[in-house]
Amino acid sequence: MALITQRPKGTQDVKPDEVYKWHTIEKIAAETAECYGFKEIRFPTFENTALFKRSVGDTTDVVQKEMYSVSAKSPANGKDPDDFTLRPEGTAGAARAVIENGLLNEALPQKVYYIISCFRHEKPQAGRLREFHQFGAEMYGSSDPSADAEVIALAKSLLDRLGLDNVELFINSIGCPTCRAEYHKALKAYFESRKGELCPTCLDRLERNPMRILDCKSPICQDIAKDAPVILDYLCEECSVHFDKLKSYLGSMGIDYKINPKIVRGLDYYTKTVFEFITTDIGAQGTVCGGGRYDGLIEQLGGNPAPALGFAMGLERLIMTMESKNAPFNQEKKCDIYIGAMGDNAQIKAIGMVKALRDHGFLAECDVMGRGVKAQMKYANKIGAGFALILGDNELESGKANLKNMMTGEQLEIEINDTFVEKFTYIRMADVLAGELGV
Ligand code: ATP
Ligand code: MG
């Protein structure tokens with residue numbers, strides 16, 4: 001039989017024997033975020049398109065080329081169809097949710113994190129998918145550079161905990177609307193002089209938002225951008241002091257960084273600090289994390305003005321980086337015990353024992369395939385069961401069975417009555433300890 005359709009281009013399936021990699025990252029990300037006082041927030045996969053146009057910015061690649069917009073075909077009320085977009089990133093949805101739920105009226109700063117799927121219509125390649133996943137963290141309410149340092153430190157701690165010491169931090173400041181006005185003039189004058197060479201999208205950006213040209217993916221525009229004026233030369237006093245303080249705080253935390261005046265970040269909402277963590281180990285798509293400050297975003301979305309900042313990490317790129325480094329993933333839980341059975345009565349007993357074991361937190365298995373006992377043991381081996389026990393009429397009669405340690409081959413007679421789970425608990429514990437101590 002032929003499958004009626006394959007998965008859409010640029011999407012991935014995660015097979016059950018690979019999912020432990022995702023669990024590792026998700027667990028460590030959540031634990032790290034919680035150490036920094038961030039709490040999880042959940043929000044919809046799709047939002048009104050206007051949200052992304054307003055926040056991400058309609059001169060960005062994301063809005064101009066990459067959004068998956070959908071509309072309900074025939075609205076029941078006869079009005080215009082709603083215009084929705086699958087979230088291309090998390091910052092806009094998180095900010096909307098924070099404002100809508102009045103969280104900015106509670107104790108500040110508000111610190112939230114999320115682990116979400118995102119959708120962008122991009123050309124699929126290694127590390128660039130159409131459905132991908134982000135771990136993001138956002139802080140609202142602080143305009144102080146110590147908040148920038150804290151957010152960067154969270155990203156750094158997570159990378160450290162994942163065993164990724166080969167990821168470099170690059171920081172920059174892209175100023176505030178005051179200093180950017182001067183910078184835009186200089187940038188516009190520079191790009192005007194090379195107008196004939198720019199791609200059509202950048203010609204439009206030249207009029208509407210010349211900084212976006214610095215983020216264009218076209219090699220020709222990138223080449224022209226190399227000699228463009230840099231924002232750091234145009235920072236106002238306030239932005240300059242903010243950047244200097246951030247550098248001191250990073251120094252105090254022992255976080256190494258490089259300044260890269262070319263980082264502008266792909267989205268419109270950034271102000272002051274921007275940063276990226278980049279690895280050279282996974283090819284061209286090496287930016288594993290991007291973030292910064294966006295002090296105007298909340299107001300732009302209709303909330304009472306409040307400073308904000310955050311970052312997002314691409315989970316697929318993190319996994320690729322971990323794989324390239326052979327960084328350790330938490331291993332999946334293995335079968336603690338397999339209870340084999342010969343005959344109907346033994347199967348009834350096995351099912352009851354397995355239920356009791358599972359209720360005590362063990363990964364216990366018995367046959368559900370109607371296999372003979374030999375095939376059952378083959379299966380127990382295949383799934384890596386730590387212990388196995390076979391029940392037959394003799395065992396039922398005597399109330400005892402042989403518990404076999406599948407690694408060492410040792411056998412131990414054990415009662416299969418009410419005391420079984422408790423006794424097995426000690427045996428399993430001793431076995432795990434022996435494994436850890438290597439004895
Ligand atoms: P890039 O320059 O690689 O396109 P970006 O600036 O568009 O990245 P952000 O919007 O900052 O990316 O998203 C944050 C992170 O999400 C990126 O650093 C990256 O790790 C990840 N990411 C972004 N787009 C994709 C994608 N299409 N596939 C996989 N991961 C992605
Ligand atoms: Mg992109």
List the residues whose amide H sits under 5 Å from the amide H of ALA341, counting only those 5 or more places along or on another chain, with H placed 1.01 Å from N in the peptide plane. ASP367, LEU391
Would you list ASP418, ASP268, ASP58 from the most to the least accessible area, probe 1.4 Å? ASP418, ASP58, ASP268
Please give the Cα centre distance for region 212-233 versus region 139-190, rounded to the nearest Å. 18
May I ask for the net charge around LYS39, where only other residues with Cβ less than 14 Å from the Cβ of LYS39 are counted and Lys, Arg are +1 while Asp, Glu are -1? -3
Could you size up the charge dipole of the chain around its Cα centre, putting +1 on the beta carbon of Lys and Arg and -1 on that of Asp and Glu, and report it in debye to the nearest 20? 1100
Want the number for ASP418 to ASP80: 0.36 nm per residue separation, take away the alpha-carbon distance, what's left? 115.0 nm
Output the relative contact order of the chain, whole-number percent, from Cα pairs under 8 angstrom with separation of 6+ residues. 15
For TYR257, TYR113, give the ranking by accessible area with the largest first, probe 1.4 Å. TYR257, TYR113
In region 340-439, trypsin sites (Lys or Arg not before Pro) in a DSSP loop with at most 15 other beta-carbon atoms within 10 Å: ARG371
When all Cα-Cα pair distances of the chain are considered, the percent exceeding 39 Å is 38
Name the GluC sites (Glu not before Pro) in region 1-91 that are in a loop by DSSP and that have at most 16 other C-beta atoms within 10 Å, would you? GLU18
Three-way shape call for region 48-166 based on the alpha-carbon gyration tensor, with the a/c threshold at 1.5: oblate
For region 220-373, with every protein chain kept in place, what is the accessible area per residue (1.4 Å probe, Å²)? 46
Interchain or sequence-distant (5+) residues whose placed amide H lies within less than 5 Å of the amide H of ALA308 are GLY141, TYR294, ASP295
Please report, in debye to the nearest 20, how large the charge dipole of region 337-430 is about its Cα centre when each Lys and Arg carries +1 at its beta carbon and each Asp and Glu carries -1 there. 420
Residue among ASN48, THR24, LEU297 farthest towards the positive dipole end of the chain, charges placed on Cβ: ASN48
Pick from TYR426, TYR270, TYR234 the residue whose mean-square fluctuation is largest in a GNM of the chain, springs joining Cα atoms under 10 Å. TYR426
As a test of reading the structure, rank VAL368, VAL14 by solvent-accessible area (1.4 Å probe, protein chains only), most first. VAL368, VAL14
Just the accessible area for THR287, please: 1.4 Å probe, Å², rounded to the nearest 10? 50
Could you give me the ³J(HN,Hα) list for region 392-408, computed from phi with Karplus coefficients 6.51, -1.76, 1.60 and θ = phi - 60°, whole Hz, x at Gly and Pro? x, 4, 4, 5, 5, 5, 7, x, 9, 8, 8, 9, 9, 7, 5, 7, 8
Max mean-square fluctuation residue, GNM over the chain, Cα-Cα springs under 10 Å, options TYR68, TYR114, TYR379: TYR379
Expected max-MSF residue from ILE152, ILE383, ILE99 in the GNM of the chain (alpha carbon, under 10 Å) is ILE383
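The values are calculated or read from the model by the stated rules, or taken from the named source; none is laboratory data. Nothing here was measured: the structure is a model prediction, and the numbers come from that model. Note: ideal-geometry Cβ built from the backbone for every residue, glycine included; neighbour counts use all protein chains shown. What goes into the accessible areas is simple: the full protein's heavy atoms, side chains included, and nothing from ligands, DNA or RNA. Shrake-Rupley method; radii C 1.70, N 1.55, O 1.52, S 1.80 Å.
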